[in-house]
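The values are calculated or read from the model by the stated rules, or taken from the named source; none is laboratory data. Values in this document were obtained by computation on a predicted structure and should not be read as measured data. Every residue, glycine among them, receives a Cβ derived from its backbone with ideal geometry; neighbour counts consider all protein chains shown.
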Ligand SMILES: *[C@@H]1O[C@H](CO)[C@@H](O)[C@H](O)[C@H]1NC(C)=O
């Protein structure tokens, strides 16, 4: 269990004057037609049933950054950023439901202005997107974990947290579990956020669009740290973040079908796929509420300035 109570804060109306990304994180910058072509060729060649485990060589590719992103071995990848560019990688496959995990060690020291991302996103205009973004800070100050959920092109569902440990010292596990009823964001298995399927209340849920996994390290000192007041200190460059043990227990989407089970059903055949039916047990729910009470620093659901009427998914019942 998280134990450091010193970071404990109260959620209220954007007390830190937090800024939000005005746009989604970059998946590729600058756009590279060659990489695009390669991606589509590679995704055509994959029609496995269900992905288990993961390897950077097999499952991911560095898509931008001109050598700043490096696959070190099957289990380790690094992204770096300097004055001229950041870098990024993405999964070769598109997934429709799954549990996607990554261990990440963030830019240490003065990481102000840097943003490390780990997210899922579908293609096209009314896209779905599940975001983890990690906003760097000046030395010794906490990172912010920024989460957001886009459904059919609409986001504005930010929740932000501090972490209960220093994410630059060691690798920790960041996961997104996406099944037909829930999207659960977790850190070291402890849930931060549970976006439920509330189609019954008219809230669109991501369920038809397959998504790729993306990660990047980029400069966003126009908004990332203390609302853009703190700029990136380029004397510290290059900045590096490390990624380990990419793992996708997920249904792979290809040729217009989800190859999850042998039949027509979208559900995985094996009952062992616990993520397919994952929901928060009363105990994990209590843990999540505990994290939210102690470490959540922004909640769109509580922001009456932006939303005089809370969005429908924010109502408890
Ligand atoms: C950085 O640290 C300061 C001071 O503790 C805090 O106010 C701020 O929210 C932190 N994070 C970012 C991303 O600015």
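Failed condition for residue 74, given (1) touching a strand residue (DSSP E or B) at 6+ places or on another chain (Cβ under 8 Å); (2) farther than 21 Å from residue 235 by Cβ, with all others met? Status for residue 74: all satisfied but (1). Checking each residue in the stretch 172-181 for being more than 18 Å from residue 291 (Cα to Cα) and part of a strand (DSSP E or B) picks out only 178. Of the strands (runs of 3 or more DSSP E) lying entirely inside the stretch 202-265, those carrying at least 3 residues that are within 16 Å of the ligand (Cβ to nearest atom) are 212-219. Checking the stated criteria, residue 116 turns out to be within 25 Å of residue 129 (Cβ to Cβ), modelled with pLDDT of 50 or more, crowded, with 20+ Cβ neighbours inside 10 Å and within 16 Å of the ligand (Cβ to nearest atom).
Checking 134, 185 one by one, the residue that is at negative phi, touching a strand residue (DSSP E or B) at 6+ places or on another chain (Cβ under 7 Å) and more than 14 Å from the ligand (Cβ to nearest atom) is 185 and no other.
Would you call residue 170 crowded, with 17+ Cβ neighbours inside 10 Å and in contact with a strand residue (DSSP E or B) (Cβ under 9 Å, 6 or more places away or on another chain)? Walk me through how you get there before you give the answer.
Numbers: crowded, with 17+ Cβ neighbours inside 10 Å: no; in contact with a strand residue (DSSP E or B) (Cβ under 9 Å, 6 or more places away or on another chain): yes.
The answer is no for residue 170.
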